[in-house]
Ligand code: VGL
Ligand code: ZN
């Protein structure tokens, strides 16, 4: 059984937001069309407490997009974004959220960032999604949303490790692209065995 996984289509990742993905909102009409085609819809929501460790503002002398070493490896520092309860953390108002059956929030532990929908960045702390998918008999996840080179990529890599068939809908994702991270992400996902599709193929 298949499901649609909608990653982080939140105001802060759209133009005008704190961590805007260029043209991030341009995928929304396509995502809304895809929603009509799926029976199971899963959404993710980046959901950070104030003062989160992934924010540059939490580290003296650091600027957004600097990288630091933390216990679990290297961590990019971001502008403050998707702070719990703020408008920036809300889903974009044009996204149809009515059919979403589960919303996985991530990044709510102050000391750990979480890009993937399966594991936080320590690669150990789970979100519970594997259990949810297994109990519902879902084998195939069609992934759309923001950002291709961070939360989408990590969700796909971890999903494959967790035994799911992960598909990326090429025309329904957009990337941030920090120092070539977008090309690198596509390469990593392909090497890992992601299935690449597009909305035309799914909707035909
Ligand atoms: C994301 C950076 C920080 C994403 C979330 O949704 O790709 N990127 N937090
Ligand atoms: Zn975040």
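Only the coordinates and a few stated rules stand behind these numbers; no lab work does. All values derive from a computational prediction rather than experimental measurement. Please note: Cβ atoms are built from the backbone with ideal geometry, for glycine as well, and neighbour counts cover all protein chains shown.
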(request) Please figure out what share of the DSSP beta bridges in segment 84-204 is antiparallel and state it in percent, rounded to the nearest 5. (result) 10 percent
(message) If you take every DSSP beta bridge fully contained in the chain, what fraction is antiparallel? Give it as a percent rounded to 5.
(response) 20 percent
(request) For segment 78-152, just the Cα set please: Rg and Dmax, both in angstrom. (result) 13.4, 38
(request) Please order 44, 117 by the number of other Cβ within 10 Å, starting at the fewest. (result) 117, 44
(request) Could you state the orientation-averaged shadow area of the convex hull built on the Cα atoms of segment 1-73, in nm² to one decimal? (result) 7.1 nm²
(request) Could you please rank 152, 76, placing first whichever residue has the fewest other Cβ atoms within 10 Å of its Cβ? (result) 76, 152
(request) With just the Cα atoms of segment 156-204, tell me how far they stretch along each of the three principal axes, in Å, largest first. (result) 36, 24, 13
(message) Could you tell me the calculated FRET efficiency between residue 84 and residue 33, based on Cβ-Cβ distance and R0 = 45 angstrom, to the nearest 0.05?
(response) 0.90
(message) Just to be sure I understand: if I project the alpha-carbon convex hull of the chain onto a plane and average over all orientations, what area do I get in nm²?
(response) 10.5 nm²
(request) Find the relative contact order for segment 80-145 and round it to a whole percent, using C-alpha pairs within less than 8 Å whose residues are 6+ positions apart. (result) 14 percent
(request) May I ask you to sort 72, 142 by Cβ crowding, counting other Cβ atoms within 10 Å and putting the fewest first? (result) 72, 142
(request) Return the Rg/Rh value of segment 7-123, two decimal places, where both radii are evaluated on C-alpha atoms and Rh is the Kirkwood radius. (result) 0.99
(request) For segment 108-204, list log₁₀ I(q)/I(0) at each q in 0.14 Å⁻¹, using the Debye formula over Cα point scatterers of equal strength and ignoring solvent, two decimals each. (result) -0.51
(message) Explain nothing, just the number: relative contact order of the chain, from Cα pairs under 8 Å at least 6 residues apart, as a whole percent.
(response) 25 percent
